[in-house]
Amino acid sequence: MKFNAILCGCGAMSKGWLRAIASTPSLAESIQVVGLVDLNRATAENLAKEFSLENAVIGSDLAEVIVATKADLVFDVVIPAARFGVVSTALKAGCHVLSEKPMATSLSEGAALIDLAAQAGKVHAIIQNRRYISGIRRLRRLVEEGAIGELTGVHCDFFLGPHFGGFREEMDNVLLLDMAIHTFDAARFVSGKVPVSVYCVEKNPVGSWYKHGASAHALFDFSDDVVFSYRGSWCAEGRRTSWESQWRLTGSKGMLTWDGEESFEASVAGNEPGLLHGFTPIEVPGPKHEEETHGHASVIASFIEAIRTGRPPETASRDNIRSLAMVLGAIESAQTGRRVDISAQGQ
């Protein structure tokens, strides 16, 4: 079966979605983009030309384009402020929906969309593409296999200085809202734990070219006494970390470090006498499933498989609301100076 899809939101981010579909044979065979929706018609027309979608229906009203195309699913790539309206319109019209992150601008909106998807009997998932990369899958495998014992801590550093220009430099809570959610979601996935509470300090350092919140330090309590710490800045000039952060996992038997790129080092306790017992290196195996390491393409494939089988996708909104709760909880903590309980989300 080939699904008729509408892409709603035709800005720069939408190109990553269309490239993933066009370059993945199984997706190209499963998905036909029949509609493009954007408030700026010229933006949609230019996208149609670039990706040879001249036969797609173009419009600014999603509901009208759904009717005109008899769409089965909607790819939501709009700005967060427009997300609730787009997703609710699509679900009410009988479409499955795959959305950009964050899934909503508030937990109440997120919960309402989860309920609406359940009522409609449709799949609603989030394109957390950065958990679908080889490095994150390798971390998860090492934890699952118990190579460093029982997990006790996940620690991530993210320090870059990108000069985007545009809307990001005018956002509030820019690091937490626009980027940290990737690392938060990946930490939740790697650990296999549930976020319980968070304490966060957010700053806009001297020299920042952002309006607000270009750096944040957050400490999360996860279930089973696992701690997740995050230190990040988007105005850190000089030698940078990876876009995927630098990682250190600690366990009851050893630890693993990953530079966010190609370098992995794992070791368990050694047998040297004295104060420090040294360490014994261990292998870091590759990902269990190579098909889960292709970013956007892997998320879209998981979404399509969920529609066909009825099994919830990994990034289903009912689960992903926990990642949203981590971000919004961190922002609340930074604003109030208090630890924030986030344990109730996704129950």
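Listed values, structure above:
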{"item": "Neighbourhood charge, 11 Å Cβ-Cβ cut-off, centred on His296 and excluding it, Lys, Arg +1 and Asp, Glu -1", "result": "+2"}
{"item": "Taking region 3-122 and dividing mean pair separation by its residue count, relative contact order in percent (alpha carbons under 8 Å, at least six apart)", "result": "26 percent"}
{"item": "Calculated [θ] (222 nm, deg cm²/dmol) that DSSP helices of n ≥ 4 give over the chain, each run adding -39,500 (n - 2.57)", "result": "-10500 deg cm²/dmol"}
{"item": "Helix axis angle, 317-336 relative to the chain longest principal axis, alpha carbon, degrees", "result": "60 degrees"}
{"item": "Whole-number percent relative contact order across the chain, with pairs defined as alpha carbons under 8 Å at least 6 apart", "result": "19 percent"}
{"item": "Pairwise label distance in nanometres, Leu275 with Ser252, each label 7 Å out on the Cα-Cβ vector", "result": "2.7 nm"}
{"item": "Reachable aspartates and glutamates from Lys211, criterion Cα separation under 20 angstrom, eight or more residues apart if same chain", "result": "Glu169, Glu170, Asp172, Asp178, Glu202, Glu237, Glu332"}
{"item": "³J(HN,Hα) computed for each position of region 130-141 - Karplus, 6.51 cos²θ - 1.76 cosθ + 1.60, integer Hz, glycine/proline x", "result": "7, 8, 9, 10, 4, x, 5, 5, 5, 4, 4, 4"}
{"item": "Proximal lysine pairs, region 3-122, alpha carbons under 20 Å, eight or more residues apart or interchain", "result": "6"}
{"item": "Neighbour-count ranking [beta-carbon atoms within 10 angstrom, fewest first] of Met1, Met179", "result": "Met1, Met179"}
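Values quoted throughout were computed directly from the atomic coordinates according to the rules given, and no laboratory measurement underlies them. All of these numbers come straight from a predicted model, not from anything done at the bench. So basically every Cβ, Gly included, is an ideal-geometry build from the backbone, and we count neighbours across all protein chains shown.
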